[in-house]
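Notes follow the structure.
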Amino acid sequence: MSLEIDNISLSSEEKLIVEQNLSADVAKLALQLKPKPNVRPEVILRQVDGYQHMKTKCPTWAENPSIVFPRKISLEQCSSQATAEYKAALCMGESLVDLTGGMGVDFSFMSRNFTKATYVEMNEELCAISTHNFKALGLDNVNTISTTAEEYLNSMDGRVSCIMIDPARRDGVGRKTVKISDCTPDLTLICDSLLEKADKVIVKLSPMLDISEAITTLKGVSEIHILSVNGECKELLLILTPTSSLPLSLLPIHTVNLLKDGQRESLTFTPNEEKSAFSRFAITPRMYLYEPNASILKAGAFRTVSTRYEELYKLHVNTHLYTSDEIIPDFPGRKFEVCSWSTLTQGDLQILLRNIKKANLSVRNFPMTVEKLRAKLKIQEGGDVYLFAVTLSDGKKVILRCKKI
């Protein structure tokens with residue numbers, strides 16, 4: 001599927017067909033469309049597919065009828081509006097350079113906080129589409145250029161307020177990579193240059209990347225942000241500044257979970273705080289059960305959570321679930337009411353699972369996979385019941401039957 005770079009805008013006929021088919025099945029629509037003057041089926045299909053992909057991921061773009069959507073891989077790799085708005089709040093100033101512009105969602109939100117902003121993208125077609133889209137979004141302070149991040153960085157004169165960079169995390173054959181040195185561009189080779197040419201550098205990395213590796217590999221790390229959206233870890237952001245002198249043990253780590261209603265769960269700590277914190281352990285589960293959100297789990301703030309919420313008891317040093325007698329409404333994660341629990345003896349399990357045909361099953365620090373345990377318990381996935389197979393502080397293996405709050 002291709003899009004002519006010199007003819008990005010849709011014709012009036014194409015726009016009408018797109019508008020009439022925004023909810024259509026793309027595969028079925030592909031069989032119905034026939035090429036004719038002023039109608040390009042591949043462009044229409046890309047628009048419909050793009051709208052359907054972006055209507056929840058980035059409503060501001062989806063709701064703008066003049067936006068042209070790029071290839072599907074760009075749609076899948078681009079940031080959501082929620083995470084783009086979060087990054088925009090981290091920076092402002094005179095000048096912004098995004099060295100790996102991509103689809104431009106991050107750039108479109110971040111650029112509003114700067115007097116001038118430059119978008120850099122090596123893919124000519126994607127750069128042309130983004131140039132069109134930035135005009136459609138009313139961004140009159142931006143400049144776009146199609147070149148590599150390294151070439152533009154080398155050509156920069158003077159300093160800018162902020163550089164944004166999101167290295168490509170796929171190798172030459174399309175396989176995903178997570179190590180910094182395996183990404184394109186390789187940040188280990190250009191880190192010095194980035195710090196020489198920006199007051200602040202925002203680096204977006206894979207959430208699969210080991211945080212310790214990131215902060216020991218790159219220079220100038222002054223903050224770490226771990227972003228989740230509705231409980232799913234999405235981004236690891238490193239803030240680099242040329243004047244940062246913080247030891248690794250004192251680096252602030254911001255764990256953030258962006259929720260559907262515009263609310264967020266936040267917890268900030270340092271490695272030193274986690275190291276010196278302690279957990280209290282429950283002998284048996286209490287009335288309520290808590291599972292920290294994905295950002296906290298990624299950050300490894302297991303003891304910090306216990307210290308911040310004094311009412312909490314941990315189930316086991318390696319079971320990252322917590323329990324309390326009274327509900328903690330602002331706990332940063334999922335909350336459950338413990339209805340009952342049992343050992344793994346056949347009699348106890350029969351009582352626990354009475355009248356249960358479906359359940360959402362999770363294992364935490366437990367010597368059996370979800371698949372094997374589900375087969376053993378003979379229950380299907382789904383429903384309103386939540387089962388947690390866990391190890392308690394005394395080593396006992398139990399299953400908790402819970403109701404989500």
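FYI, it's all coordinate maths here, none of it is from the lab. Everything numeric here is computed off the predicted structure, so don't read it as measured data. Every residue, glycine as well, gets a Cβ built from its backbone with ideal geometry; the counts of neighbours run over all protein chains shown.
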Can you give me the Cα centroid spacing of segment 340-365 and segment 208-227 in angstrom?
40 Å
If the cut-off is 27 Å between C-alpha atoms, which lysines fall inside it for Lys378, apart from same-chain ones fewer than 8 positions away?
Lys335, Lys357, Lys358, Lys396, Lys397, Lys403, Lys404
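Let's test the formula: R0 of 35 Å, r as the Cβ-Cβ distance of Met287 and Val370. What FRET efficiency results, to the nearest 0.05?
Details: r = 25 Å, r/R0 = 0.72.
E between Met287 and Val370, to the nearest 0.05, is 0.85.
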5 Å-binned pair-distance histogram of segment 196-354 (Cα, whole percent)
2, 9, 16, 17, 17, 13, 10, 7, 4, 2, 1, 1, 0, 0
R0 of 30 Å, Cβ-Cβ distance Leu259-Ala136: FRET efficiency to nearest 0.05
0.55
What distance in nm lies between label points placed 7 Å from Cα along the C-beta direction at Tyr309 and Ser181?
4.0 nm
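Just to confirm a number: summing +1 for Lys and Arg and -1 for Asp and Glu over residues other than Gly231 whose beta-carbon lies under 13 angstrom from that of Gly231, what do you get?
Values: positive: Lys234, Lys260, Arg264, Lys298, Arg334, Lys335, Lys404; negative: Glu232, Glu265, Glu291.
Net local charge, Gly231 excluded: +4.
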Please find the FRET efficiency linking Ser9 to Lys116, where r is the Cβ-Cβ separation and R0 is fixed at 25 Å, and quote it to the nearest 0.05.
0.50
With label points set 7 Å from each Cα along the Cα-to-Cβ direction at Leu16 and Ser249, the distance between them in nm comes to 7.1 nm
Between Thr188 and Thr345, what is 0.36 nm times their sequence separation minus the Cα-Cα distance? Round to one decimal in nm.
51.1 nm
Positive-pole candidate from Gln350, Val398, Ser23, dipole of the chain, charges at beta carbon
Gln350
Could you tell me the center-to-center distance, by alpha carbons, between segment 91-170 and segment 33-84 in angstrom?
20 Å
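How compact is segment 40-108 by the rule of thumb for globular proteins, expressed as Cα Rg over 2.2 N^0.38 Å?
Working: Rg = 13.0 Å, N = 69, 2.2 N^0.38 = 11.0 Å.
Ratio of Rg to 2.2 N^0.38 Å for segment 40-108: 1.18.
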Computed, not fitted: 222 nm per-residue ellipticity of the chain from DSSP H runs ≥ 4 (each -39500 (n - 2.57)), nearest 500, equal to -8500 deg cm²/dmol
Count the lysine pairs in segment 109-231 whose Cα atoms lie under 28 Å apart, taking only pairs 8 or more positions apart in sequence or on different chains.
18
Among Thr184, Ile215, Leu361, whose Cα sits farthest toward the positive end of the charge dipole of the chain (+1 at Cβ of Lys/Arg, -1 at Cβ of Asp/Glu, about the Cα centre)?
Leu361
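Pairwise over distinct Cα atoms, reciprocal of the mean inverse distance: report the Kirkwood radius of segment 76-121 in Å, one decimal place. Before the final figure, lay out the partial values.
Values: mean 1/r = 0.0958 Å⁻¹.
Radius from the Kirkwood sum: 10.4 Å.
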If every Lys and Arg gets +1 and every Asp and Glu gets -1 at its Cβ, then about the Cα centre segment 229-325 yields a dipole, in debye to the nearest 20, of 160 debye
Place a point 7 Å from the Cα of Asn143 in the direction of its beta carbon; the residues of segment 82-106 whose amide N falls under 15 Å from it are 94-99
May I ask for the distance between the Cα centers of segment 185-206 and segment 251-319, given as a whole number of Å?
30 Å
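Which number comes out as Rg/Rh for the chain once both Rg and the Kirkwood Rh are worked out on C-alpha atoms?
Working: Rg = 24.7 Å, Rh = 23.9 Å.
On the Cα set of the chain, Rg over Rh gives 1.04.
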Check the straight Cα-Cα distances from Lys15 and name the lysines below 16 Å, setting aside those fewer than 8 residues away within the same chain.
Lys34, Lys36
What dipole magnitude, in Debye to the nearest 20, does the chain give about its Cα centre under +1 on Lys/Arg Cβ and -1 on Asp/Glu Cβ?
1940 debye
Interchain or long-range residues, amide H under 5 Å from Thr100's placed H
Val120, Asp166
